[in-house]
């Protein structure tokens, strides 16, 4: 599959749009359906697509394992960190009201950041799991 | 400022430490952080416990949304007690784990096991402290998923199968629980436990309540290995890494019992349900069947860990027995047994971990003569065993004392006989260990091995001493349990 | 439709086919969810059920084996158990408020504040997002942690190990 | 309380029975996980369907709409879906490891291997 020029070109064309769509889903979650989780899944899907077309080594060069593992952990940290920030600024845990002078703005900011956290962890985990499964396959083939 | 945020920090600190461990990826860091976090958790839990004793129920609105719109943390006499139990066990197990984990797991997995340990701790604490039904489910899943992983990391390949079976059973259990709370939600429109209890009083339609009750009981019953839903437990305990077994046996099932108590007394207690149902009788019969069967099976096990795993199923039977009696003494017995059994089994499994380190396996033929080569370990195990039997002077005796009192109060004299008889069976399996350890010639394969490393032995003995201490001085354990029991019965019927 | 797909899944022994049917099932489920106004849920179900789950299952099947072994499964007991569970739910559901009853407790208690005040209190018109991220944001933190747990767990389970672990088993 | 008004519950219940049946009756570890998935999805309908109001729209507040379907069950089920996929991923990882350790993913063959092993000891 890796040498099929049509697939490669289509993939190159499509993947940026998939990522763009993921961003749209991420930031449009306030108004329409969608949010961090869905965006995370789409991001992961686009990279998985890339992996299927170009092969695992290529994908690992583009997005090394350690970055993915960092994503896995940092998403949760961002989310939990927003909560701790709430305490530090004098509110309760996960209190977004105190994140800004204007409570509604604070809410906005809080929701924005936790959605980012969700997306980062979700895409990281999905990708990592895929890498794990795919990597398993390759090693078995080699004996 | 920090004092009022303790309920949130209780759960969030272990939760945050897990991704930190994954980020740093160093085993020593993972271990140090796990120890630190579990000790801080213990400090927080004790503070909360004292605060509750002084001022009554503490509530904490997460995100500053008032309940029932937001999620509320609610600490009262019952769950502050469970919090202390869970974090105390964690605080003892975590420092013990360093050598044991290093011996049983490859380097690149060890740090992840500590991450799972922190997540499991966060999950269990989260289940205990929250005042929201759905939040219980979420944290139940955190605790469960991390538990599956920890079990699957056991050394033998059977650990994988045990973990898989537990995953299936646990997920069915959790889904049942979700169905149950779904029905409750459809009937009342709320997820907050306190709010729910109030609104259920006005619900006149009994059928959905009944179904919800059944689903929740079966779901949580799967999690707490209530007989006959216990099949997953012996394998899971037997093949998990020793540290994990010790931690789970002392905490995971106990937290599930807590959830059951919470639903029975705080939520369903106020509804029209109990008048219509023979719940107590059913639970009573299941408990007795569980105690007797599991004890008998335990006697015939060849593997020490498996034997004590079956013994756990039996001991859970005692806890639910107290619940089914549903009077103050019975409930006190149940709640105090959460602590007593937790401490006892924790001690036993930690000591077994030491044996596993030195002898490789913990089957009875390997154990022969262990009393001479590992005197402290063997002696500790004997004390733990006696506590399971319920010899006066150990923690187990206190529980049985209250259960007998409760049975007499209800006029169930035959039940007293059952309790005594089951204790004799327990004596049977403990005696098998004594016989192997002290009265048999040593196993030639492991002659030269000596006592377990000091750090492991020391922390295991902390629990052994606790086990004796709670048998002699009951002011903390029974005092707290009785307070919780009075609260539950007062609030319920 | 969903019923047919599920029945086919029960009988199909080729696991690849089962996985594909599972994907179809998820899309159908998503359609039903849209019909029930749950657009967020539908979107998630479509991407998770038909997307990620299928990929994971196919990946796992590649590593294991595609065919289910042929042997007579014990049919009776599982059927009895599952039907008993179903009956319990039937029994319970008979007492529930009827479909689309605006006076049911779930529509009158707690929720009105989410709908009426979401703009005023959080500035987010999508009530699902505001409940998810703010009112019940703590659940979502838990949910993210569950995902994280699964991820870290898979890393722990599938990472290549250097030490031979079979010594004990042989 | 007519039959039709509870139609959504019947679908739920059918799916639930089917899923549970697959989990208990089938010996193949992967198929069990798939059954578990169906069992979990059945719960989605149990939650979501009662939240629907006929004539209502998706719970996105906008001008011109008065009735909205209930958003809270949606949120709960989103969480449940995520938990479900997390469980699936973990379960599959364990299955892959079982396959490597035993060479099979049929439950009875695994149990038979375990038994043989125990007899040898």
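Quick rundown of the values:
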{"read-out": "Residues of the range A:96-126 that turn out to be over 23 Å from the mean Cα position of the chain (by Cα), more than 7 Å from chain C (Cβ to nearest Cβ) and more than 24 Å from residue B:9 (Cβ to Cβ), as a count", "value": "3"}
{"read-out": "Top-ranked residue in the range B:114-133 [being more than 10 Å from chain C (Cβ to nearest Cβ) and within 15 Å of residue B:254 (Cβ to Cβ); ranked as surrounded by the fewest Cβ atoms within 10 Å (Cβ to Cβ)]", "value": "B:129"}
{"read-out": "Set B:36, B:85: member being farther than 27 Å from residue C:134 by Cβ, buried (at least 18 other Cβ atoms within 10 Å of the Cβ) and more than 12 Å from every other protein chain (Cβ to nearest Cβ)", "value": "B:85"}
{"read-out": "Residue identified as closer than 19 Å to residue C:41 by Cβ, at pLDDT 85 or above and surrounded by 19 or more Cβ atoms within 10 Å (Cβ to Cβ) among A:72, A:41, A:82, A:68", "value": "A:41"}
{"read-out": "Tally of residues being under 20 Å from the mean Cα position of the chain (by Cα) and within 7 Å of another protein chain (Cβ to nearest Cβ) across the range B:134-167", "value": "12"}
{"read-out": "Residue within the range B:201-221 that is in contact with a strand residue (DSSP E or B) (Cβ under 9 Å, 6 or more places away or on another chain) and either more than 11 Å from every other protein chain (Cβ to nearest Cβ) or closer than 30 Å to residue B:460 by Cα (or both) present", "value": "no"}
{"read-out": "Filter pass, residue B:204 being modelled with pLDDT under 90 and not in a helix (DSSP H, G or I)", "value": "yes"}
{"read-out": "Single residue of the range D:68-107 satisfying the filter (touching a residue at least 12 places away in the same chain (Cβ under 8 Å) and more than 7 Å from chain C (Cβ to nearest Cβ)) that is nearest to the chain's Cα centre (by Cα)", "value": "D:84"}
{"read-out": "Residue satisfying condition, being in contact with a helix residue (DSSP H, G or I) (Cβ under 7 Å, 6 or more places away or on another chain), more than 7 Å from chain D (Cβ to nearest Cβ) and at pLDDT below 80, within set C:19, C:34, C:5", "value": "C:5"}
{"read-out": "Matching entry among B:417, B:361, B:436, B:421 (being outside any helix (DSSP H, G or I) and more than 24 Å from the chain's Cα centre (by Cα))", "value": "B:361"}
{"read-out": "Qualifying residue in the range A:82-95 (condition: within 9 Å of another protein chain (Cβ to nearest Cβ), without any contact (Cβ under 8 Å) to a residue 24 or more places away in the chain, touching a helix residue (DSSP H, G or I) at 6+ places or on another chain (Cβ under 9 Å) and closer than 19 Å to residue A:35 by Cβ)", "value": "yes"}
{"read-out": "Identity of the residue in the range B:19-66, more than 19 Å from residue B:9 (Cβ to Cβ) and outside any helix (DSSP H, G or I), that ends up nearest to the chain's Cα centre (by Cα)", "value": "B:56"}
{"read-out": "In the range C:42-56, residue nearest to residue D:48 (Cα to Cα) [restricted to those that are buried (at least 23 other Cβ atoms within 10 Å of the Cβ) and more than 10 Å from chain A (Cβ to nearest Cβ)]", "value": "C:45"}
{"read-out": "Which listed residue, of B:260, B:284, is in a helix (DSSP H, G or I), out of contact with any strand residue (DSSP E or B) (no Cβ under 7 Å at 6 or more places or on another chain) and under 24 Å from residue B:122 (Cα atoms)", "value": "B:260"}
{"read-out": "Unique residue being surrounded by fewer than 23 Cβ atoms within 10 Å (Cβ to Cβ) and closer than 30 Å to residue B:194 by Cα when the list is B:418, B:478, B:389, B:462", "value": "B:478"}
{"read-out": "So residue A:97, is it more than 19 Å from residue D:82 (Cα to Cα) and surrounded by 19 or more Cβ atoms within 10 Å (Cβ to Cβ)", "value": "yes"}
{"read-out": "Qualifying position, being part of a helix (DSSP H, G or I), at pLDDT below 90 and buried (at least 23 other Cβ atoms within 10 Å of the Cβ), among B:226, B:233", "value": "B:233"}
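The values are calculated or read from the model by the stated rules, or taken from the named source; none is laboratory data. Values in this document were obtained by computation on a predicted structure and should not be read as measured data. Every residue, glycine as well, gets a Cβ built from its backbone with ideal geometry; the counts of neighbours run over all protein chains shown.
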